[in-house]
Amino acid sequence: MSDLDAGPLRDHEFDEAVALLAYSFGTAAEAHAQLEGLPPEQIFAVRREEGLAAIGRWESAEVSLHGLSTSIAVKGLVTTHPALRRRGMITPYAEPMMGLLRDQGHVLAGWKTAIPRWWRAMGWGPCAAVSRYTGTPGLLRPTHDPALGGPELGPDPEDLLPVHRAFAARRFGPLLRDVDDWHALLRPEPADVRRDTVLWRGPQGTPEGYARYRHTRSGAVTANRYEGLELVVDELAALTPGAYLGLLGFLADHTTVPAFRWDAPADDPLPSVVREPRDLQPRTVVGGRILRVVDMSRLTLPAGGAAAGAADGLLLSVADELCAWNRGPWRAHRDGEVFRFVREPGSPESAVQVAAHAWGPLIARYLPVDHALLCGLLFPPAPADRDRLAALLPPTPTPYCPDEW
């Protein structure tokens, strides 16, 4: 492997990177769109004498980590030259790539991938799932309607932002948005007939929820026409019961559309409020999103709960084979309303041992502490550490990633 080197993509390598990406991920035009406009430092290249051996690309964003804005590298895409696949030649360059993300200030990395075999060994773990509901829109109609407030079509994005922030603060997963992000989300794609947003205002006119949805062509294509039309609910965020039930009723009124699909949060209460829950045909769908901690030294977790003080001083050791800088032990230090992690000198034997591929799912609350203990992904040295872990990582609403990352 002495003939390989790695670092940010060089300007003269752009066309070669497009060709390499197109080999694995569609046409040259699609590959070009994936790379166009990205700064060179957000495209990592592994080179050999004959040319590029592999590339990885990402975008920078801010994600809600239970209300804390956290820097994350998202939309990752990695591809290797066909002649070098399955030979383990590129694996040693994963660590420098993570180091580059760390040097750019990222705390987390989150990617959507359909290649699960290697993620565990490299410290990645699944971080989100959804409940996919399908059927006719009328099935969304709730059994009761408090009739508090009403819908507003085509709202000003400025009115959506505070609702989104409040909704995102409850969970891990939503990317934090600005007005430009909202406009981008409403830009239709080729299969879309239209994209819309509806805002729910309460009795006093206060924004209390919204739904982002689209009418999209579905089914087989015959004579250049799609067989049907589908109402796709991309996101529903509600801060009050009136907004939640009102938005469901609004979507249920789309009776001219034969089908709907909604990838809802895994803990959404929809089956408890509709007339025919068995007709919704829910199934849990693992979204293919994986997460890892890039930089423990910059990680912060909420510490506002009544029991949070019990976790102050807890010693953790992350078994991170890929990112040596993340290996512990680390001491959780309560600093006001957040926990920070400070490297602790000494042996990690007295620390709680956590597998790197479990640490990301744990902080996202995709993996509950009790489950991680049960399957041997957490090893507390003393029984009291179990309660301290529960105080550091208390239950929250399930992760939800309505954005494409």
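Here are a few things to note about the model shown:
- Residue that is of a type in the set (Gly, Ala, Ser) and open to solvent by less than 10 Å² (accessible area, probe 1.4 Å), where the choices are 307, 324, 311: 311
- Residue match in segment 41-57 (condition: open to solvent by less than 40 Å² (accessible area, probe 1.4 Å) and under 15 Å from residue 401 (Cα atoms)): no
- Residues satisfying the stated conditions in segment 344-364, i.e. of a type outside the set (A, V, I, L, M) and open to solvent by less than 30 Å² (accessible area, probe 1.4 Å): 359, 360, 361
- Within segment 383-405, being out of contact with any strand residue (DSSP E or B) (no Cβ under 9 Å at 6 or more places or on another chain) and surrounded by fewer than 19 Cβ atoms within 10 Å (Cβ to Cβ) holds for 383, 384, 387, 390, 395.
- When the residues of segment 243-302 are filtered to those that are acidic (Asp, Glu) and open to solvent by 20 Å² or more (accessible area, probe 1.4 Å), the one that is farthest from residue 328 (Cα to Cα) is 253.
Each row is one residue, and each column tells you yes or no for (1) of a type in the set (Lys, Arg); (2) on the phi < 0 side of the Ramachandran plot; (3) in a helix (DSSP H, G or I); (4) more than 27 Å from the chain's Cα centre (by Cα).
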position: 12; (1), (2), (3), (4): no, yes, yes, yes
position: 37; (1), (2), (3), (4): no, no, no, no
position: 47; (1), (2), (3), (4): yes, yes, no, yes
position: 60; (1), (2), (3), (4): no, yes, no, no
position: 74; (1), (2), (3), (4): no, yes, no, no
position: 86; (1), (2), (3), (4): yes, no, no, yes
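- Lone unmet requirement of (1) modelled with pLDDT of 90 or more; (2) farther than 30 Å from residue 349 by Cβ; (3) of a type outside the set (Asp, Glu); (4) under 21 Å from the mean Cα position of the chain (by Cα) for residue 291: (2)
- Single unsatisfied condition, residue 116 versus (1) in a loop (DSSP other than H, G, I, E, B); (2) at pLDDT below 90; (3) open to solvent by less than 50 Å² (accessible area, probe 1.4 Å): (3)
- Residue list for segment 80-113, filter: of a type in the set (A, V, I, L, M, F, W, C), over 25 Å from residue 366 (Cβ atoms) and at pLDDT 90 or above: 100
- Taking the criterion of being part of a helix (DSSP H, G or I) and either under 25 Å from residue 363 (Cα atoms) or open to solvent by 50 Å² or more (accessible area, probe 1.4 Å) (or both), the residues of segment 163-207 that qualify are 163, 164, 165, 166, 167, 168, 180, 181, 183.
- Residue 123 vs. criteria closer than 21 Å to residue 63 by Cα, touching a residue at least 40 places away in the same chain (Cβ under 8 Å) and assigned to a loop (DSSP other than H, G, I, E, B): yes
The values are calculated or read from the model by the stated rules, or taken from the named source; none is laboratory data. All values derive from a computational prediction rather than experimental measurement. As a convention, Cβ positions derive from the backbone with ideal geometry for all residues, glycine included, and neighbour counts pool all protein chains shown. Protein only, heavy atoms only, side chains kept; ligands, DNA and RNA dropped before computing areas. Shrake-Rupley method; radii C 1.70, N 1.55, O 1.52, S 1.80 Å.
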